[in-house]
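Visitor: Take a look at this one; I'll ask things after.
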Amino acid sequence: MQFIDTHTHIYGEEFSEDRSAVIRRAIDAGAVSLLLPNVDEASIEPMLSLCRKFSDLCHPMMGLQPEELPADPAPLLQKMYDLLEANLSAPVTSECDVRFVAIGEVGIDLYWDASRRDEQIEVFRQEVEWAVKFQLPLVIHCRAAHRDLCDVLKPYADSLAGGIFHCFGGTEQEARELLEFPGFYLGIGGIVTFKKSTLPQVLSSAVPLSRILLETDAPYLTPVPYRGKRNEPAYIPYIINKLAEVYATTPAEVAHLTTINACRLFRIRQVP
Ligand SMILES: [Zn+2]
């Protein structure tokens, strides 16, 4: 069984003691690609250096996570834009060149703090424009801001190269609305295995497997039976098994279809 973890923060310090072992376990479990979303300024270098070290497995994204908005975001946004432009316009010189594969993770998060809503929206809009300009998928983090998110995205819907609504946990109605965006997928992770999760019901009634991608969001949101512990890409099969149950199919079929979805969206490897 092969799979792609489309959202993992294994460059973080939570993995500094055993990062190589975590990667080894991911490969042994079936991981063929690990996609690394950026978070803030401090995460850029650790993320890129991991991608250089494991260049056929790990691929970086670039963007500012909405909860990490600096007091003045303009200089950091400029730095991120410059990195993207330099990276994407440079000629490919070797097979182990590191390329940004998405704009992420970006979005709006009003769950704990809505005081900078307008700024979050403005920064997100700017990053959506990067995604249009560079024709890269968008990896979107959204909490307690469904309406704002749709309002910002709508004018760009037909010019974007698709994307992911990462860590989707909304209602059936919200799922249907998000899937109206062409080329967009719902990122499904450990939450679907939680006992009280309403996600299985929402997925089986409103979301076809052709619109789902797998993700851990490691080190967070660890699936059952490891819930509460540190998450890692090797736990993706627990999510696959749960989805097989939800869609009344086999784990192999879930792994196969979601891998096809990820290959199409990120263009990182041959569609199997
Ligand atoms: Zn994340």
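The values are calculated or read from the model by the stated rules, or taken from the named source; none is laboratory data. What you are looking at is a predicted structure, and each value in this text was computed from that prediction instead of being measured. For neighbour counting, all protein chains shown are included, and Cβ atoms are generated from backbone atoms with ideal geometry for every residue, glycine included.
Visitor: Mind listing just one residue for me: the one in the range 167-206 that is touching a Cys at 6+ places or on another chain (Cβ under 8 Å) and more than 22 Å from Thr249 (Cβ to Cβ) and, of those, nearest to the ligand (Cβ to nearest atom)?
Guide: At the first step, the residues of the range 167-206 found to be touching a Cys at 6+ places or on another chain (Cβ under 8 Å) are 177-178, 187, 189, 191.
Those still in the list that are more than 22 Å from Thr249 (Cβ to Cβ) too: 177-178.
On the way: Glu177: 22, Leu178: 17 Å.
Of everything passing the filter in the range 167-206, Leu178 is nearest to the ligand (Cβ to nearest atom).
Visitor: Here is a follow-up. Only residues that are in contact (Cβ under 8 Å) with a residue 40 or more places away in the chain and buried (at least 18 other Cβ atoms within 10 Å of the Cβ): list them for the range 36-54, please.
Guide: Correct list: Pro37, Asn38, Val39, Leu48, Leu50, Cys51.
Visitor: Looking at Arg211, Arg267, Arg227, which one is at pLDDT below 95 and charged (D, E, K, R)?
Guide: Arg267
Visitor: Does Thr216 count as within 16 Å of the ligand (Cβ to nearest atom), within 29 Å of Lys133 (Cα to Cα), β-branched (Val, Ile, Thr) and modelled with pLDDT of 95 or more?
Guide: yes
Visitor: Quick one: in the range 185-199, which of the residues that are within 17 Å of the chain's Cα centre (by Cα) and not hydroxyl-bearing (Ser, Thr, Tyr) is surrounded by the fewest Cβ atoms within 10 Å (Cβ to Cβ)?
Guide: From the range 185-199, those within 17 Å of the chain's Cα centre (by Cα) are 185-192; that's our starting set.
So of that shortlist, the ones also not hydroxyl-bearing (Ser, Thr, Tyr) come out as 186-192.
Details: Leu186: 24, Gly187: 22, Ile188: 28, Gly189: 30, Gly190: 25, Ile191: 18, Val192: 24.
Per the stated criteria, the residue is Ile191.
Visitor: So, one more: Among the numbered criteria (1) without any contact (Cβ under 8 Å) to a residue 60 or more places away in the chain; (2) over 24 Å from Cys142 (Cβ atoms), which single criterion is violated by Pro272?
Guide: (1)
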